[in-house]
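Note sheet for the following structure.
The values are calculated or read from the model by the stated rules, or taken from the named source; none is laboratory data. The structure displayed is predicted, hence computed values, not measured ones. With ideal geometry, Cβ positions are generated from the backbone for all residues, glycine too; neighbour counts draw on all protein chains shown.
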Amino acid sequence: MAIEIKGTGKGIPSRRVSNEELARQVETSDEWIRSHTGIGARHIASEENAASDLAVEAARQALDMAGLEAESLDLIVIGTATPDFQGCPSTACIVQNRLGAKSAGAMDLAAGCTGFIYGLETAAALLCIKRERRRVLVIGVDVLSRITDWNDRGTCVLFGDGAGAVVLEKTDAPSEGPGKRGLLRSILGADGSGAEYLMIRRGGSRHPWKAGETIDSSACLEMNGRAVYNFAVKAMTDTIENLLKEEGVGIEEVARIIPHQANARIVQAAGKRLGIPEEKFFLNIEEYANTSAASIPIALDELNRSGGLSRGDLVMSIGFGGGLTYGGNLIIW
Ligand code: ACO
């Protein structure tokens, strides 16, 4: 039995905001943003679009590629830090209804930018645990523009909106030995002592909005950039090493690494520490910036659709983000 990816898709808002356009609103420059992050543009959702709208678009593309109807899904798992609504209903339930996935259970998963990696492993485990469960839609989606302080140049230049999706199917292919396929293993990690380094302070049960309160700024993502940077380089390095060690393979056997697209410098630093050539990492941060839980499945879809993946390729995804969380998946394409 193998857990295979049968289709990929993405939902990207059409509005593209270049660094130059942003530099007309806050004190920054194309040169600073590119040299410090590798970002050249981001796509921003229109006011009437929320996470579920982008997620539905990505899901339809993934189902199309898999040649499957939404009715055949047994479960929908969505990784997001920016759900349509706070806590209830889940964005997954909204997507389930919009797709007409009547037989599917639906749940959201909160693991920050690592949401898709956690989602993939959760979905695979739930497929293994029950014989009748065959197909899961896994989505990473975030609309970070809604929780961005657009006056803070330290964060607003980094983020974009988007969704990415995959259809996972349980197949008869082997998951071990010769000809093995699909999701081989994952690492899921967390370090809650760094919770404050990436935090949406207001709106939850710790600091709810109160009646009569005058709100002079909306709920925003606060970030300690330097601390997150240091955490991210170590999380990436350790996770790559541990995935290779656990699977008993060398880096030369990995065809592509799809890292969370937070900052190209984080990826370059981790690659340098491990002596991994830059070309092994797939980066599309220049066009989309950091789309949080969506960044890995968007990259996976781009790579897949552009013919960048061949059957049998060993592919690694590596993520890190709010929580703090980190993790990775090893997949045979
Ligand atoms: N434009 C121009 N100047 C800027 C900007 C900007 N957009 N932002 C900061 N600066 C200035 C600062 O004010 C500072 O000036 P000073 O030296 O006069 O005080 C100078 O640039 C350097 O600032 P630093 O914060 O030290 O810049 P650094 O090189 O550390 O880069 C960055 C900052 C890009 C945020 C980096 O720390 C980083 O990438 N951290 C990780 C962020 C991350 O990955 N976050 C998301 C992960 S989780 C999620 O995805 C939700």
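Couple of notes before you dig in:
- The set of residues from segment 237-263 being within 16 Å of the ligand (Cβ to nearest atom) and part of a loop (DSSP other than H, G, I, E, B) comprises His260, Gln261, Ala262, Asn263.
- Test: Ala211 is touching a Ser or Thr at 6+ places or on another chain (Cβ under 7 Å) and among the small types (Gly, Ala, Ser): no
- Filter result (in a loop (DSSP other than H, G, I, E, B) and not hydrophobic (A, V, I, L, M, F, W, C)) within segment 215-236: Asp216, Ser217, Ser218, Asn224
- Residue in segment 196-209 that is modelled with pLDDT of 95 or more, of a type in the set (Gly, Ala, Ser) and farther than 19 Å from Gly319 by Cβ present: no
- Among the conditions (1) modelled with pLDDT of 95 or more; (2) in a loop (DSSP other than H, G, I, E, B), Gly212 misses just one, which is (1).
- Of all residues making up segment 129-159, the number that are part of a strand (DSSP E or B) and polar (S, T, N, Q): 0
- Long-range neighbours under 6 Å by Cβ, at least six apart or interchain, first residue within 14 Å of Ala270 (Cβ to Cβ) and more than 6 Å from the ligand (Cβ to nearest atom) within segment 222-236, second at pLDDT 95 or above and among the hydrophobic types (A, V, I, L, M, F, W, C): Phe231/Leu324; Val233/Ile266; Val233/Ala269; Val233/Ala270; Ala235/Phe320; Met236/Ala270; Met236/Ile318
- Scanning segment 148-207 for residues that are within 12 Å of the ligand (Cβ to nearest atom) and β-branched (Val, Ile, Thr), we see that the one that is nearest to Thr37 (Cα to Cα) is Val157.
- Each residue in segment 1-33 was checked for being among the charged types (D, E, K, R), within 11 Å of the ligand (Cβ to nearest atom) and in contact with an Asp or Glu (Cβ under 8 Å, 6 or more places away or on another chain), and 1 pass.
- For Ala106, the test of being part of a loop (DSSP other than H, G, I, E, B), touching a residue at least 24 places away in the same chain (Cβ under 8 Å), small (Gly, Ala, Ser) and under 28 Å from Leu324 (Cα atoms) is failed.
- Screening segment 264-326 for helices (runs of 4 or more DSSP H) wholly inside it with 3 or more residues that are away from the ligand (no atom under 16 Å from the Cβ), in contact with a Lys or Arg (Cβ under 9 Å, 6 or more places away or on another chain) and not hydroxyl-bearing (Ser, Thr, Tyr) returns the ranges 295-305.
- Where strands (runs of 3 or more DSSP E) sit wholly within segment 1-98, those with at least 3 residues that are more than 28 Å from Ile331 (Cβ to Cβ) occupy 16-18.
- Condition check for Leu120: more than 16 Å from the ligand (Cβ to nearest atom), farther than 15 Å from Ile296 by Cα and crowded, with 17+ Cβ neighbours inside 10 Å: no
- All of Ala58, Ala66, Ala51, Ala70 fail the test of being at pLDDT 95 or above, away from the ligand (no atom under 16 Å from the Cβ), under 25 Å from Arg305 (Cα atoms) and buried (at least 23 other Cβ atoms within 10 Å of the Cβ), apart from Ala58.
- Taken together, Ser310, Ser317, Ser295, Ser306 contain a single residue that is within 22 Å of Ile276 (Cα to Cα), surrounded by fewer than 24 Cβ atoms within 10 Å (Cβ to Cβ) and of a type in the set (Ser, Thr, Tyr), which is Ser310.
- Among the residues of segment 208-221, those that are away from the ligand (no atom under 16 Å from the Cβ) and in contact (Cβ under 8 Å) with a residue 24 or more places away in the chain comprise Ser217, Ser218.
- Flag if Asp84 is closer than 30 Å to Leu22 by Cα, acidic (Asp, Glu) and free of Cβ contacts under 8 Å to residues at least 40 places away in the same chain: yes
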